[in-house]
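Worksheet: the structure to be examined is printed underneath.
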Amino acid sequence: LMGPDGSLGVTIFEEITTLAMKHQAINLGQGFPDEDGPAALSRLAQEAIASGQNQYAPGKGILDLRTAVAEHQDRFYGISLDPEHEVIITTGATEALAAAILALTGPGDEVLTFEPFYDAYGALIGLSGATHTTAPLLAPDFLPDLSTLEASFGSRTKMVIVNNPHNPTGTMFPEAVLTEIVRLATKYDAVIVTDEVYEHLTFGPRHIPVATLPGAANRTLTISSAGKTFSFTGWKIGWLSGPAELVAAARTVKQFLSYSSGTPFQGAIAAGLRMDAGYFTDAAATLAHKRDILGAGLRAAGFDVYLPQGTYFINADTSAMGITDATALARRLPELIGVAAIPVPVFCHPEGAERTRSLLRFAFCKQIPLLERAAERLATLQ
Ligand code: PMP
Ligand code: GLN
């Protein structure tokens, strides 16, 4: 596990997935879908391989995909981007995050994230040598306290990382929260990196990209990925967009992280980004139904459940069942009842870990019969 000092170890996803396999448990830990994305996109990638698109892509990504990213940002959000200078393709959102953090921060700088935070943020900030500061998201809404948020900013705050919709809590930041983050980032001259990989996996509230808020665009790098939107997590195609000089800085680092990203997948994802609006809304509706099934199962099993507004994760509180240490439970759950989940404290520094001590994160991006089977197994927990 990653230590609170940022030291690197086995990620929690590896640890829990290994346990799940050992005990043949239903793995609701690591977030990945158990069904492929659109077959038409899969065929396009296969055709690209068959037709010899198997050598390095251009470092910043093929023009067709950069153009499709720009079109997508315009179509859904009215954001206008120049595909030549304001978009790069990356090896998943993870590489986009790495490139942005390593390019723009270093020793002496502070990088602010909300807490709980996606584990890669802590590791990457550690690799950059910057100091990782956090602002808590508090149950039941998992939103920051706007009256105290400014105390998390200072003259050394070089970057603030926003993740909206938010992994692991499933919360979506309302406009007032995003506006306050932009105001503070501007006041303290911090770059905003916004990880919007779950932008299309939302169940009611409209997704508001940070870059659409007044005054935000010139200091905001927006990151997303094909993994979540198109259920191809293994293709590892992501993208980063924003002002040319910030994108250029990230691109400089990307050259030496991977040089370029999976050639035969890029055209297929370009086609995906151009699909009719129906694809995106249907995928979200299917996922909402799955959320409700697992949510009901968890509630019936005795957990207090926080139904998410976005992402494919549900947080469940074990304290209602008299269990206070969710991390210990997560390590035993695969063997105990054949279900795996991720403890939320692993997404926190020690103080936050104390606050989220009794929370488990369950992924519901799985086929309905499997979710129903998981619910049956969870019911045996009491
Ligand atoms: N950011 C968040 C918030 C995520 O949940 C994930 C997916 N695990 C990533 C980034 C990484 O995305 P990718 O697989 O495209 O690198
Ligand atoms: N993003 C996914 C999750 O949060 C998987 C991440 C990973 O395996 N690194 O579960």
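Coordinate-derived values only; no laboratory data. In this text, all values refer to a predicted model and were calculated from it rather than measured experimentally. With ideal geometry, Cβ positions are generated from the backbone for all residues, glycine too; neighbour counts draw on all protein chains shown.
Quick rundown of the values:
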read-out: Antiparallel bridge percentage (DSSP; both residues within the chain; nearest 5); value: 50 percent
read-out: Given charges at beta-carbon only (K, R positive; D, E negative), |dipole| of region 40-274 in Debye; value: 440 debye
read-out: At most 11 other Cβ within 10 Å, DSSP loop - GluC sites (Glu not before Pro), region 24-76; value: 35
read-out: Anisotropy class of region 290-353 from Cα gyration tensor, a/c 1.5 cut; value: oblate
read-out: Region 40-274 - percent relative contact order, Cα under 8 Å, separation 6 or more; value: 31 percent
read-out: Cα gyration tensor, region 173-268 - rounded (a/c under 1.5), prolate or oblate; value: oblate
read-out: Of the trypsin sites (Lys or Arg not before Pro) in region 166-235, those whose Cβ has at most 11 other Cβ within 10 Å and which sit in DSSP loop; value: 206
read-out: Note, ³J(HN,Hα) from phi for region 22-32, Karplus 6.51, -1.76, 1.60, rounded to Hz, x at Gly and Pro; value: 4, 9, 6, 8, 6, 8, 9, x, 4, x, 8
read-out: Percent of Cα pairs exceeding the 31 Å cut-off, where the set is region 40-274; value: 18 percent
read-out: Helix-only mean residue ellipticity at 222 nm for the chain, each DSSP H run of n ≥ 4 adding -39500 (n - 2.57), per residue, nearest 500; value: -13000 deg cm²/dmol
read-out: Cα-projected label distance for residue 319 with residue 43, points at 7 Å along beta-carbon direction, nm; value: 5.3 nm
read-out: Positive-end residue, region 40-274 charge dipole about Cα centroid, Cβ charges, pick of 270, 126, 160; value: 270
read-out: ³J(HN,Hα), Karplus 6.51/-1.76/1.60, whole Hz, each residue of region 51-68, x for Gly, Pro; value: 8, x, 8, 10, 9, 3, 7, x, x, 8, x, 5, 4, 4, 6, 4, 5, 5
read-out: Spin-label model distance (nm) - residue 252 vs residue 180, 7 Å beyond Cα toward Cβ; value: 3.5 nm
read-out: Computed label-point distance, nm, for sites residue 84 and residue 245 using a 7 Å Cα→Cβ extension; value: 2.0 nm
read-out: Gained length - residue 18 relative to residue 276, 0.36 nm times residue gap less alpha-carbon distance; value: 89.1 nm
read-out: Over 21 Å between alpha carbons, listed pairs 22/366; 60/187; 22/290; value: 60/187; 22/290
read-out: Whole-number D in µm²/s for region 334-382 (Stokes-Einstein; Kirkwood sum over Cα pairs; 4 °C, 1.567 mPa s); value: 107 µm²/s
